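S.K.: Below is a structure I'd like to ask you about.
The values are calculated or read from the model by the stated rules, or taken from the named source; none is laboratory data. Not measured: the values here are computed from a predicted model. Every residue, glycine as well, gets a Cβ built from its backbone with ideal geometry; the counts of neighbours run over all protein chains shown.
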Amino acid sequence: MRRRTGSFPEEVYGKEYLMTELARAKINFYLDVTKKRADGYHEIVSVMQSVSLADIVTLERADELTVFCDHPAVPGGKENLAFRAAEAFFRETGMAGGAAIRIEKRIPVAAGLAGGSADAAAVLRGLNRLYGTELPDAVLCGIGKTLGADIPFCICGGTALTRGIGEKLFPLPSPGKCFFVIAKGETGISTAAAYAALDLKYNHFCAVPGAGIHDGFHCENRFVDGKSVSCGKSNENNPDIPRCGRLSGMEAALQTGDSETVFRNMFNIFEEVVPPECEEVFAIRNELLDAGAVSAMMSGSGPAVFGVFREESLAMRARDRLRAAGIFAESCVPEAAKPNQ
Ligand code: ATP
């Protein structure tokens, strides 16, 4: 091992040379787009949950930076988000280090589960341990958000309300004991294409004065003292529960531990623009509900779908039924936040 020449003195380097980090997938219990900014980014409001379905990321000290991924659809090297995260780590810390990074893909790719962001987050956490730099999560999140809006959430994990372009985190209590089945059909969805379809539907999220941000479909989620507040207006698709009332209902239910209400209020705007070639999403959702899920919905920009189960045995049966039909399906559980500092 060559002597390092970065700005950190030798004694602050960690003692470990090889380590493994789990890169956990995320699902969205709630996801709405509230605004398109002048720079083209969309502002969202989301309740995210990290789950035990995870890629395995191995990091080894090395002179050079290399990234290998075992999935044929995911590039290695500089094209991989994990490589860019490692570069940013060394740049920000001023260290002249390297690492041999290996990613074993378990999270379906381009599925709305933030697999790339999870790997990048695992690399930032892992390098922080590998080199003993002891950067607090807030600093790692600051590095991560320059590469991807979901990376700060993936660094912290747990259950959180996210705002801005997804980078502003407000931790929430966990929904408690439950079991998820995550399933995905053959065809992937590009996140950029999903946003383009929403732009078309909602006129680029141009607010009409006096009307809701979505041009009368529903009103903008409002925030008072950092908490979301329902406007009470109903939505044409879901007249039973006001659309933005779902978010405040979900947050209140998480605070009081009322998981039934949490799952009854699930919402994802991207379900409105699922392309025809991915209609399988709705068949999988129905299959999960038929198999006993208390609720089921697409995650992120799709096409992965998750079902929520109270009983592990029901979740396993649902997973096996989907697998028997040739569909990717995995069971997992919610993961709590694991703060670094
Ligand atoms: P999000 O929910 O954040 O939009 P996603 O789950 O829909 O993400 P990813 O699995 O992160 O999508 O993959 C998106 C694209 O990023 C893929 O086409 C892939 O080639 C590329 N990519 C780069 N690095 C990675 C990585 N480490 N893991 C997965 N995909 C990666």
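S.K.: If I go through region 255-282 residue by residue, how many of them are free of Cβ contacts under 8 Å to residues at least 24 places away in the same chain and within 22 Å of GLU186 (Cα to Cα)?
M.R.: First, pick out the residues of region 255-282 that are free of Cβ contacts under 8 Å to residues at least 24 places away in the same chain: 256, 258, 261, 276, 279, 282.
Okay, now just the ones that are also within 22 Å of GLU186 (Cα to Cα), so 276, 279, 282.
Qualifying residue count, region 255-282: 3.
S.K.: Restricting to region 18-32, and then to whatever is more than 13 Å from the ligand (Cβ to nearest atom) and within 19 Å of GLY300 (Cβ to Cβ), can you tell me which residue is surrounded by the most Cβ atoms within 10 Å (Cβ to Cβ)? Before the answer, list the steps.
M.R.: Here is the first cut: in region 18-32, the ones more than 13 Å from the ligand (Cβ to nearest atom) are 18-20, 22, 29-30, 32.
So of that shortlist, the ones also within 19 Å of GLY300 (Cβ to Cβ) come out as 29-30, 32.
On the way: PHE29: 28, TYR30: 25, ASP32: 22.
Here the residue is PHE29.
S.K.: Would you be able to tell me the number of residues in region 173-192 that are closer than 23 Å to PRO275 by Cβ, of a type in the set (Gly, Ala, Ser) and modelled with pLDDT of 95 or more?
M.R.: Adding up the residues that qualify gives 1.
S.K.: Here is a follow-up. If I filter region 243-294 down to residues being surrounded by 15 or more Cβ atoms within 10 Å (Cβ to Cβ) and acidic (Asp, Glu), which single residue comes out as nearest to PHE309 (Cα to Cα)?
M.R.: GLU287
S.K.: Out of the residues in region 49-64 that are without any contact (Cβ under 8 Å) to a residue 60 or more places away in the chain and within 14 Å of the ligand (Cβ to nearest atom), which is nearest to ARG24 (Cα to Cα)?
M.R.: Of everything passing the filter in region 49-64, ILE56 is nearest to ARG24 (Cα to Cα).
S.K.: Any idea which of (1) closer than 30 Å to GLU330 by Cα; (2) free of Cβ contacts under 8 Å to residues at least 40 places away in the same chain is the one VAL123 doesn't satisfy?
M.R.: Going through (1) closer than 30 Å to GLU330 by Cα; (2) free of Cβ contacts under 8 Å to residues at least 40 places away in the same chain one by one, VAL123 breaks only (2).
S.K.: Could I ask something else about it? Could you check HIS71 against (1) surrounded by fewer than 18 Cβ atoms within 10 Å (Cβ to Cβ); (2) near the ligand (Cβ under 9 Å from one of its atoms); (3) not in a loop (DSSP other than H, G, I, E, B) and say which number it fails?
M.R.: That leaves (3) as the condition not met.
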